[in-house]
Amino acid sequence: MRTRLLLGLSLLSTGLLAGAFGYGAANLVPTFDAVPIEMRLDFHTELMKMNGITMQGAMAVSALSALTLAALTRGRARVLTATAGLLTVTSFLITRFGNVPINGHIKQWAATTPPAGHAEILSRWELFNDARTCTAIVAFALLISVALRQAGRAAPLGHRSSEAADQLAARQGEQPVKQTCPGRAA
């Protein structure tokens with residue numbers, strides 16, 4: 001029960017993180033590029049004030065819940081959840097050491113004027129944004145795969161052939177199921 005709740009928390013927080021980054025990459029960045037630079041800088045500065053708390057919170061909950069889940073599981077689930085946690089940590093590191101310093105420049109430019117060559121710096125911000133978006137989405141996909149595997153194991157045997165159940169058990173390192181389904185001859 002504890003691991004199911006932890007998986008739920010991991011899915012929720014990582015899904016929110018991936019969704020927020022995905023929305024930003026798909027909608028905000030193209031909008032940033034379509035408006036005058038002064039508008040972009042002002043909006044970007046205000047957005048970062050709000051994102052600082054919510055995105056860091058989502059990254060922290062996502063990483064901690066996935067890594068804790070990895071410590072409580074074993075086998076393939078451990079590998080997948082640990083990888084998801086590490087990918088979320090990677091999203092944080094990209095943000096902290098890639099995007100945040102550039103956000104500081106953007107804040108200064110919004111108060112003054114952008115320097116010559118600002119387009120290159122903004123392009124670098126977008127590359128960091130794409131990288132953290134990808135790491136968050138892959139982390140979410142890995143956690144979905146763990147949840148689907150658990151759901152597959154929880155399905156009643158009557159919904160799978162015993163041969164398929166035995167193959168699944170063998171892949172997971174468990175003993176084959178030697179149970180007959182109701183209504184079937186042994």
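I'd like to check which helices (runs of 4 or more DSSP H) are fully inside the range 1-119 and have at least 3 residues that are under 19 Å from the mean Cα position of the chain (by Cα).
By residue number, 2-23, 37-72, 75-94.
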TODO: State which residue pairs qualify: first residue free of Cβ contacts under 8 Å to residues at least 60 places away in the same chain and inside the range 3-14, second residue among the β-branched types (Val, Ile, Thr) in any location, beta carbons under 8 Å apart, and separation of 6 or more residues or different chains.
DONE: LEU9/VAL61; SER13/VAL61
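Quick grid of which residues meet (1) among the hydrophobic types (A, V, I, L, M, F, W, C); (2) open to solvent by 40 Å² or more (accessible area, probe 1.4 Å):
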position: ARG4; (1), (2): no, yes
position: LEU12; (1), (2): yes, yes
position: ALA18; (1), (2): yes, no
position: GLY24; (1), (2): no, no
position: ASP33; (1), (2): no, yes
position: LEU41; (1), (2): yes, no
position: GLU46; (1), (2): no, yes
position: LYS49; (1), (2): no, yes
position: MET55; (1), (2): yes, no
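Here are some residues: ALA170, ALA165. Which one is in contact with a helix residue (DSSP H, G or I) (Cβ under 8 Å, 6 or more places away or on another chain) and at pLDDT below 95?
Just a single option satisfies the conditions, and that option is ALA165.
Does ILE94 count as at pLDDT 95 or above, touching a His at 6+ places or on another chain (Cβ under 7 Å) and either closer than 29 Å to SER13 by Cβ or not hydrophobic (A, V, I, L, M, F, W, C) (or both)? Reasoning before the result, please.
On the way: at pLDDT 95 or above: yes; touching a His at 6+ places or on another chain (Cβ under 7 Å): no; either closer than 29 Å to SER13 by Cβ or not hydrophobic (A, V, I, L, M, F, W, C) (or both): yes.
No, not satisfied.
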- [ ] Would you please name the residue that is nearest to GLU46 (Cα to Cα), looking only at residues in the range 83-115 that are open to solvent by 30 Å² or more (accessible area, probe 1.4 Å) and small (Gly, Ala, Ser)?
- [x] ALA110
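The values are calculated or read from the model by the stated rules, or taken from the named source; none is laboratory data. Keep in mind the model is a prediction, meaning the values are calculated, not measured. Using ideal geometry, Cβ is built from the backbone for each residue, glycine included, and neighbour counts are taken over all protein chains shown. SASA here: full protein model, heavy atoms, side chains in, ligands and nucleic acids out. Shrake-Rupley method; radii C 1.70, N 1.55, O 1.52, S 1.80 Å.
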